[in-house]
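Each value in this text was obtained by applying a stated rule to the coordinates, not by laboratory testing. Only a predicted model underlies this, so the values are computations on that prediction, with no experimental measurement involved. As a convention, Cβ positions derive from the backbone with ideal geometry for all residues, glycine included, and neighbour counts pool all protein chains shown.
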Amino acid sequence: MVSIVALLLILSAMYFVVLFGTVAYQLTGLDWETAQFQALSAFTGAGFTTRASELVVNHRLRRRITTGLILFGYATTASVIATLVSSVAMHTPLQTALNLVVLVVCFAALMFLVRRQGLHLVLAAPIRRWLTRRMNAEAVPHEELLQYKPGYAISRIEIPPGSRLAGQRLRDANLRAFRLQVLAIEDRDGVVVAIPDPEHVLQEGEHVLLYGLTRNMQEAFAPVEAGA
C-alpha cells in the first residue's frame, strides 16, 4: 500500500508540473490550449510539429521552460517505473492484483478531478501570481491583443483594380484617416515586406496586412468607381 500511495503522489506531482508549465507558457503569450499542449508534449517527450516547435525554439524563455519540463518528465517517469517494479517484486500475486485495482480506481478519480476546468482555474491562479512576480511581466495572448478594442482587427486585403490607392506612395495614401495601420505588404511576386517604407508605391494586386477599424477597411481600398 505504501508503494501505491507513493505512486499516486508522483502522479499528482506530474499533474502539478504540467500545470506549472502550462501557466508559464501562457505568460509568454500563448493561449491556454496551446500552452497546455506544449507543456504535455515537453513533459512526455512526445515531440512537436514543425510549427509548434518554432513557437518554442525561437523564444528564449520558452526554451528554458521546455528544458525544465523535459528533465522533470524523465525523472518522474523513472520514479513511476521504479515504484511499479518495487510494488510487484515485494508482494504476492494477490496483493499485487489488489494494489493494481486500488491504483486504477485512485488514478481514475485523479483524472476525473484533473479534467474539471474549474480545478485548473483554482490551482493555476496562485501559480500565475507567483510566476508573474518572478517574471515581472505578464504577456498578453495574441488573440486577446487583437481584440483589445471592439471593432478592431487584423486583416489582409488585396488592392483591387481601380483602387484609389494604386500608384500612390504609402505616405500619401492617408490610411490613418481611416484608423488603419499598415503592418506589412506582400507584392505580386509573393515577397513580404514588414513595416514597409513610407515611400513604397502601392500597386494593384498587392496584399496589405492591416490593423485597424474593420468597418473602414473595404471603404479605404474600394475602387474609385465604387466610392464615387
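Descriptive notes on the structure:
- For residue 163, the residues whose amide H sits under 5 Å from its own are 224, ignoring neighbours fewer than 5 places away on the same chain, with H placed 1.01 Å from N.
- Neighbour net charge for residue 175 - beta-carbon separation under 12 angstrom, K R +1, D E -1: +3
- Spin-label model distance (nm) - residue 224 vs residue 169, 7 Å beyond Cα toward Cβ: 2.0
- One decimal place: the segment residue 213-residue 156 gains 19.2 nm when fully extended, by the rule 0.36 nm per residue minus the C-alpha distance.
- Distance between the modelled labels on residue 67 and residue 197, one decimal in nanometres: 4.1 nm (7 Å Cα→Cβ projection).
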